[in-house]
Amino acid sequence: MQIRATCLVQEGDQPVRYAWTKDARPLDARLGVRTSQLDAFTSILVIERAAAEHSGNYTCTASNAAAASATTARLTVNVPPTWVVEPSSTSVALGGSLALHCLARGFPDPVVTWRRQAASGEFVGVVEGTGSGESSIVQWKNGTLWIGRSARGHEGRYLCEAGNGVPPGLSKLVDITVNGVLPTVLLNDNLPFLM
């Protein structure tokens, strides 16, 4: 997306010189920001492809032999979420623990939410917490899904969503498989119990 800012002088003796700064520093050529003077009273700043690093305070200073005048405007570039760690389907041994990461970046910071598919097919939220329970399943504040001690009931389809109000948001369906069976001890009254 292209962004343009205009600096307009309403009156003053010529010649008028224009200087643009970002966050009180000269414009960095690596940012891809250009300025030009349209006429004696107008200067423009153009950002061809706005990105998060373009956010900041832009100041236009117009000066002549008599005085200088400046105005500042805040530019905030909202950026949709992108994956930092995209979750994927995984398996865990029965009774084992699992940390499934889902991490995204953007501006403002994305909020990550885990949901689990219920028998009805709907996705219901996973509780955010500390994961201190032995067989608990929780979402940590950093977006990690944690299963403390896996059970058959933890198996299923999960949905990770990351959003910050800037479209498009992210979502990823993953399957968690719980492998293995707990050993079962059967006692028969007629057989000796051996260990």
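The values are calculated or read from the model by the stated rules, or taken from the named source; none is laboratory data. Since the structure is predicted, the reported quantities are computational estimates derived from the model, not experimental observations. Here Cβ is always computed from backbone atoms with ideal geometry, including for glycine, and neighbour counts include all displayed protein chains.
Taking residues in the stretch 22-44 that are in contact (Cβ under 8 Å) with a residue 40 or more places away in the chain, and partners anywhere that are surrounded by 15 or more Cβ atoms within 10 Å (Cβ to Cβ), the pairs with Cβ atoms closer than 9 Å and at least 6 places apart or on different chains are 44/5; 44/7; 44/35. Does the stretch 67-79 contain at least one residue that is within 23 Å of residue 113 (Cα to Cα) and not aliphatic (A, V, I, L, M)? Within the stretch 67-79, one or more residues are within 23 Å of residue 113 (Cα to Cα) and not aliphatic (A, V, I, L, M). The single condition among (1) more than 27 Å from the chain's Cα centre (by Cα); (2) of a type in the set (A, V, I, L, M); (3) not assigned by TED's automatic domain parsing to the domain that holds residue 172 that residue 51 does not satisfy is (1).
Which one is farthest from residue 58 (Cα to Cα) among residues in the stretch 1-31 that are part of a strand (DSSP E or B) and among the aliphatic types (A, V, I, L, M)? Among them, the one singled out is 8.
Among residues of the stretch 34-81 being assigned to a strand (DSSP E or B) and in contact with a helix residue (DSSP H, G or I) (Cβ under 7 Å, 6 or more places away or on another chain), the one that is surrounded by the fewest Cβ atoms within 10 Å (Cβ to Cβ) is 75.
Residue-level check: of (1) modelled with pLDDT of 95 or more; (2) loosely packed, with under 15 Cβ neighbours inside 10 Å, residue 86 misses just (2).
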